[in-house]
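All remarks here apply to the structure that follows.
The values are calculated or read from the model by the stated rules, or taken from the named source; none is laboratory data. These figures come from a predicted structure and were not determined experimentally. Quick reminder, even Gly has a Cβ in these numbers, built from the backbone with ideal geometry, and neighbours come from all protein chains shown.
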Amino acid sequence: MFHYTVETSKSIDEAIQSLEANLKEEKFGVQWQFNVKETLESKGFELEKPFTILEVCNPLEAQNVLSANQLIGYFLPCKIVVYEDSNGITKIGMPKPSALIQMVEDDSLQNVASDIEERLITCINKSK
């Protein structure tokens, strides 16, 4: 499976606040928070349920992977989404770095991607 997704009883705002705190503990910062629903509504389009994309980055890890292979920049920063599904359940998820890294066909970076993935999964699990 290309993604990791969990359910939470928290509201979207509570989940995002919790994520930000847990990401900080792992030395990841939120570079940008994109509220897709609000943006679409400002353009005259409607999205039924809330959907927020967080772009997160650990500067040391970004430097390491970009120094090894610049194509990794196509996947940076990492994305974590927080949204309400069609049943009204808040979900937190991300594309798995270990799945994305396979597209670059550089086996030397698989361990780094797996480590980052484990750390982000820990943050997501602590935030649910």
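Check K91, K79, K126 and return the single one that is of a type in the set (K, R), surrounded by fewer than 20 Cβ atoms within 10 Å (Cβ to Cβ) and assigned to a helix (DSSP H, G or I). Reasoning before the result, please.
Working: K91 fails: assigned to a helix (DSSP H, G or I); K79 fails: assigned to a helix (DSSP H, G or I).
The conditions single out K126.
Within region 40-49, identify whether any single residue is at pLDDT 95 or above, in contact with a helix residue (DSSP H, G or I) (Cβ under 8 Å, 6 or more places away or on another chain) and of a type in the set (S, T, N, Q), and answer yes or no.
The answer is no; no qualifying residue exists.
Take the residues in region 12-57 that are β-branched (V, I, T) and more than 13 Å from Y83 (Cβ to Cβ), then tell me which one is surrounded by the most Cβ atoms within 10 Å (Cβ to Cβ). It would help to see each step written out before you state the result.
Taking region 12-57 and keeping what is β-branched (V, I, T), we get 12, 16, 30, 36, 39, 52-53, 56.
Imposing the further condition that a residue be more than 13 Å from Y83 (Cβ to Cβ) reduces the set to 30, 39, 56.
Details: V30: 16, T39: 12, V56: 22.
Selected residue: V56.
Do we have K96 as surrounded by 14 or more Cβ atoms within 10 Å (Cβ to Cβ), in contact with a His (Cβ under 8 Å, 6 or more places away or on another chain), in contact (Cβ under 8 Å) with a residue 24 or more places away in the chain and not hydrophobic (A, V, I, L, M, F, W, C) here? Walk me through it before giving the result.
Numbers: surrounded by 14 or more Cβ atoms within 10 Å (Cβ to Cβ): yes; in contact with a His (Cβ under 8 Å, 6 or more places away or on another chain): yes; in contact (Cβ under 8 Å) with a residue 24 or more places away in the chain: yes; not hydrophobic (A, V, I, L, M, F, W, C): yes.
Taking the combined requirement at face value, the residue satisfies it.
Name the pairs whose Cβ atoms lie under 8 Å apart, with the first residue in region 2-17 and farther than 22 Å from G29 by Cβ, the second surrounded by fewer than 14 Cβ atoms within 10 Å (Cβ to Cβ) and charged (D, E, K, R), and 6 or more positions between them or separate chains?
none
Out of everything in region 58-71 that is under 24 Å from I92 (Cβ atoms) and in contact with a helix residue (DSSP H, G or I) (Cβ under 8 Å, 6 or more places away or on another chain), what residue ends up being surrounded by the fewest Cβ atoms within 10 Å (Cβ to Cβ)?
N58
Answer yes or no as to whether S86 is surrounded by fewer than 18 Cβ atoms within 10 Å (Cβ to Cβ), out of contact with any Phe, Trp or Tyr (no Cβ under 9 Å at 6 or more places or on another chain), modelled with pLDDT under 95 and small (G, A, S). Don't jump to the end; show me each part of the working.
Numbers: surrounded by fewer than 18 Cβ atoms within 10 Å (Cβ to Cβ): yes; out of contact with any Phe, Trp or Tyr (no Cβ under 9 Å at 6 or more places or on another chain): yes; modelled with pLDDT under 95: yes; small (G, A, S): yes.
Criteria met by S86.
Could you run through region 1-13 and say how many residues are acidic (D, E) and not in a strand (DSSP E or B)? Before the answer, list the steps.
So in region 1-13, the residues acidic (D, E) come out as 7, 13.
Of the ones still in play, those that are also not in a strand (DSSP E or B) are 13.
Result for region 1-13: 1.
Kindly provide the set of residues from region 14-66 that are under 28 Å from N111 (Cβ atoms) and assigned to a strand (DSSP E or B), ordered by number.
G29, V30, Q31, W32, I53, L54, E55, V56, C57
Yes/no per residue for (1) out of contact with any strand residue (DSSP E or B) (no Cβ under 9 Å at 6 or more places or on another chain); (2) among the aromatic types (F, W, Y):
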| position | (1), (2) |
| --- | --- |
| E25 | yes, no |
| P59 | no, no |
| F75 | no, yes |
| S86 | yes, no |
